[in-house]
Amino acid sequence: MTDGPNAVLMPTDVSSRVGGFDRFAGFAAHLASRAPFFAFCLLLVVLWLVQGLVLIVSRGSISPFLSSEYQLEMNTTTTIVTFLMVALLQNSQTRNDHATQHKLNAIADALADLMERTAEGMPDSKLVADMKELRAAIGLEEREGTSDEKPRS
């Protein structure tokens, strides 16, 4: 690993502390990615349709089910739930991306070290050029990324 102002975090440099929101987001992502959660969402849609049918039958008209107030309540509720789920899943995905990048940096650094040792024994300009490219790739996500956010340590 290179030291200095542009030092790249390796997996051992990353803190294992996870905040409360991150734990909650991880739990929510784990829960939302399972078949029972999908079945629950499907059940909610079926219950909503059944409620609409009951409303239609009890009032003798389809107009209460199609009323703008009823539709506004349903749309607002589903939009809020969708927005919150996207925020939670994005948090979880970002943390996974950072962890994967730290692992890739560690692999690239170790491979570059191995290539350097091999090049010492038998000088090969192609091997040296490949080694330089590999070293340059370490931390590339921070130099070329569009986000100002630094991965958490």
Restricting region 99-129 to residues that are polar (S, T, N, Q) and open to solvent by less than 70 Å² (accessible area, probe 1.4 Å), the one farthest from Leu140 (Cα to Cα) turns out to be Thr118
| query | So is Ser67 farther than 25 Å from Ser33 by Cβ, modelled with pLDDT of 80 or more and open to solvent by less than 90 Å² (accessible area, probe 1.4 Å) or not? | reply | yes
(1) under 30 Å from Ala137 (Cα atoms); (2) open to solvent by 50 Å² or more (accessible area, probe 1.4 Å) all hold for Thr77 apart from (1)
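The values are calculated or read from the model by the stated rules, or taken from the named source; none is laboratory data. Just so it is clear, the structure is predicted and the values come from calculations on it, not from any experiment. Backbone-built Cβ (ideal geometry, glycine too); neighbour counts: all protein chains shown. These area figures cover heavy atoms from the full protein model, side chains too; ligands, DNA and RNA do not enter into them. Shrake-Rupley method; radii C 1.70, N 1.55, O 1.52, S 1.80 Å.
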